[in-house]
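See structure below.
The values are calculated or read from the model by the stated rules, or taken from the named source; none is laboratory data. Just so you know, these numbers come straight off a predicted model, no measurement behind them. Virtual Cβ from ideal backbone geometry, glycine too; neighbours counted across all protein chains shown.
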Amino acid sequence: MAILEREVTGAVAHLRMNAPERLNALSDEMIAAVHTTLDEIAEDRGIRAVVLSGAGKAFCAGHDLKQMTAGRQAEDGGTAYFADLFDRCAAMMTRIQSLPQPVIAQVHGIATAAGCQLVATCDLAVAAHGTRFGVNGVNIGLFCSTPMVALSRNIPRKHAFEMLTTGDFIEAARAAELGLINHAVAPDDLESATAVLARKIADKLGSAVKIGKEAFYAQAQMSTADAYAYTGDVMVKNLADRDTQEGIAAFIAKRTPEWNQ
């Protein structure tokens, strides 16, 4: 049984974390599988959107604590293993945002600790009503410092800090209010709502979305003046794309564009 299932429908790739007995924890194997698969998808120009979900009753419960506990058996008490684990997890999270295609988290059940980090890292997220989100490591004495990076870049600081220091959960409707997810939908509508969003993105010109996604994250780290200078250059590059020229010509002529991508 594959720990990560992959299904492609049209221009949308659906990745399903498949370790339901461990609540799809981010084990060493899961992190490696997700990262490797994303690297493969990055090279596939036929895929223009990615959906990430979890099998069973939960999206993702965070790091695999049993595996982490086993890592403590090393002579250094697990220090080297833990450092490597967080480096590998951060690299996988970073790969999601450097991927040319937008990644949509399809969330149900729970998304806790590094699982909540995974939702916050994805470009977009749709969750079923009743889904619970938390960075609750503080409840067992482990502050969610790495999940904090993505969470604090998604929701207002004071709300992020409250979640981090209390370990309290929020549900899907509140997550949508705070900006952690895009949409909260009825559980029966989760798959269809996510699919509609994925197809809408996949119907766009892939090269334009790729350019835009890269610019979206790059400009967020810049001053306003630098961001305008940078994105101006990006738009010049975008306008030079032959498919973009076709899109503009088609719009003016009130016809459907004939793109090569």
Does the stretch 111-119 contain any residue that is over 19 Å from Leu23 (Cβ atoms) and under 20 Å from the mean Cα position of the chain (by Cα)? no
On the given criteria, is Gly141 modelled with pLDDT under 95, surrounded by fewer than 19 Cβ atoms within 10 Å (Cβ to Cβ) and either of a type outside the set (Asp, Glu) or not assigned by TED's automatic domain parsing to the domain that holds Asp44 (or both)? no
Answer yes or no: is there a residue in the stretch 101-110 that is under 19 Å from Ala202 (Cβ atoms), touching a strand residue (DSSP E or B) at 6+ places or on another chain (Cβ under 8 Å) and of a type in the set (S, T, N, Q). yes
Taking only the stretch 186-208 into account, find how many residues are surrounded by 18 or more Cβ atoms within 10 Å (Cβ to Cβ) and either touching a Ser or Thr at 6+ places or on another chain (Cβ under 6 Å) or not polar (S, T, N, Q) (or both). 9
Within the stretch 78-110, which residues are surrounded by 21 or more Cβ atoms within 10 Å (Cβ to Cβ), touching a Ser or Thr at 6+ places or on another chain (Cβ under 9 Å) and not in a helix (DSSP H, G or I)? Val103, Ile104, Ala105, Gln106, Val107, His108, Gly109, Ile110
Residue in the stretch 220-261 that is surrounded by the fewest Cβ atoms within 10 Å (Cβ to Cβ), counting only those that are in contact with an Asp or Glu (Cβ under 9 Å, 6 or more places away or on another chain) and farther than 17 Å from Val209 by Cβ: Glu258
All but one of (1) within 18 Å of the chain's Cα centre (by Cα); (2) surrounded by 14 or more Cβ atoms within 10 Å (Cβ to Cβ) hold for Leu65; state the number of the condition that does not hold. (1)
Unique residue being touching an Asp or Glu at 6+ places or on another chain (Cβ under 6 Å) and within 30 Å of Asp203 (Cα to Cα) when the list is Ile31, Ile47, Ile3: Ile3
Could you check the stretch 238-257 and list, in sequence order, the residues that are under 27 Å from Val50 (Cα atoms) and modelled with pLDDT under 95? Leu239, Ala240, Asp241, Arg242, Asp243, Thr244, Gln245, Glu246, Gly247, Ile248, Thr256, Pro257
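Residue-wise test of (1) crowded, with 20+ Cβ neighbours inside 10 Å; (2) of a type in the set (Asp, Glu).
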position	(1), (2)
Arg16	no, no
Ala19	yes, no
Leu26	yes, no
Ser53	yes, no
Phe59	yes, no
Asp76	no, yes
So if I check each of Ala120, Ala113, which one is at positive phi, at pLDDT 95 or above and either crowded, with 22+ Cβ neighbours inside 10 Å or β-branched (Val, Ile, Thr) (or both)? Ala113
For the stretch 99-139, which residues satisfy the criterion of being farther than 17 Å from Asn154 by Cβ, free of Cβ contacts under 8 Å to residues at least 60 places away in the same chain and among the β-branched types (Val, Ile, Thr)? Val138
